1. Below 8 Å, C-alpha to C-alpha, sequence gap of six or more: please give me the relative contact order for the range 18-91 in percent.
2. What whole-number value in Å² describes the accessible area per residue of the chain for a 1.4 Å probe?
3. Which whole-Hz ³J(HN,Hα) couplings does the range 25-39 yield from phi under the Karplus relation 6.51 cos²θ - 1.76 cosθ + 1.60, θ = phi - 60°, glycine and proline marked x?
4. Going by accessible area, probe 1.4 Å, with all protein chains left in place, what is the ranking of 19, 66, largest first?
5. Tell me, what HN-Hα J-couplings in whole Hz come from the Karplus equation 6.51 cos²θ - 1.76 cosθ + 1.60 at θ = phi - 60° for each residue of the range 6-17, using x for Gly and Pro?
6. Ranked from highest to lowest mean number of other Cβ atoms within 10 Å per residue, what is the order of the peptides 38-44, 84-90?
7. I need the P(r) histogram for the range 1-95: all alpha carbon pairs, bin width 5 Å from 0 out to the longest distance, whole percents.
8. Run the 1.4 Å probe and let me know the accessible area of residue 56, rounded to the nearest 10 Å².
Amino acid sequence: QVQPVESGGGLVQPGGSLRLSCAASGNIFSGNTMAWYRQAPAKQRDLVATVRSDGTANYADSVKGRFTISRDNAKNTVYLQMNSLKPEDTAVYYCAAVVGPFNYWGQGTQVTVSS
């Protein structure tokens, strides 16, 4: 099993919170950067956040101050805590393991922000 597996998506009201999880096998998780992307209908897939193996995180401007990416190296799991959600955050969220020039993608999890 090389493909990461996401969980935690769902329907939430504007201003609400969700936490996404992504479990990956050790051979693609350990020592590699992990990333969250999202893709809204009819739009391109955009980078949301990355976290290096040492925990250094980076964010897209659109989510700074609202989303937090973190990783648990003992569990080979990366998280995306999403707060103050907006309707424009609605998308399929994908986890990716960045291994050299390649991304190993999860299957995605739907996040819908709507009242």
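1. 36 percent
2. Ligands and nucleic acids excluded, the result is 51 Å² per residue.
3. Here the 3J(HN,Hα) series is 6, x, 6, 10, 8, 4, x, 10, 5, 10, 9, 10, 10, 9, 9 Hz.
4. Output order, biggest surface exposure first: 19, 66.
5. Taking θ as phi minus 60°, the curve returns 8, 7, x, x, x, 9, 9, 7, x, x, x, 10 Hz for the range 6-17.
6. Going by the mean number of other Cβ atoms within 10 Å, highest first, we get 84-90, 38-44.
7. Taking all Cα pairs of the range 1-95, the binned fractions are 3, 14, 26, 26, 18, 10, 4, 0 percent.
8. Estimated to the nearest 10 Å², residue 56 gives 60 Å².
The values are calculated or read from the model by the stated rules, or taken from the named source; none is laboratory data. Because the structure is a prediction, the values reported are computed rather than measured. Counting neighbours? That spans all protein chains shown, and the Cβs are built from the backbone with ideal geometry, glycine included. Heads up: the accessible areas ignore ligands, DNA and RNA and are worked out on the full protein's heavy atoms, side chains in. Shrake-Rupley method; radii C 1.70, N 1.55, O 1.52, S 1.80 Å.
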